[in-house]
1. What lysines does Lys40 reach when the alpha-carbon gap must be under 23 Å and sequence neighbours fewer than 8 apart in one chain are set aside?
2. Using only the Cα atoms of the chain, build the gyration tensor, take square roots of its eigenvalues as a ≥ b ≥ c, and label the shape rounded, prolate or oblate: rounded if a/c is under 1.5, else prolate if a/b is larger than b/c, else oblate.
3. Rounded to the nearest 500, what is the 222 nm mean residue ellipticity of the chain from helices alone, with -39500 (n - 2.57) per DSSP H run of 4+ residues and division by all residues?
Amino acid sequence: MARVCDICGKGKQIGNNVSHANNRTKREWLPNLQSVKIVKNGITKRVRVCTKCIKKGNIQKAI
């Protein structure tokens, strides 16, 4: 399962760790995904959604 938000498509970002000696090593930042039951087109299903989409109200939670 991909670490991607099902609503906005946000995925991992790639960059560098930088030490005090300016050594650079690759690293990645992962989005804060939560598994949530939502209602989409009248159907209830479980999706992985980033917390930013949950806070914005881009989804309608199922009861």
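1. In chain and number order, the partners are Lys10, Lys52, Lys55, Lys56, Lys61.
2. Note, shape of the chain comes out prolate.
3. The per-residue figure over the chain is -2000 deg cm²/dmol.
Each value in this text was obtained by applying a stated rule to the coordinates, not by laboratory testing. Source: prediction; values computed, not measured.
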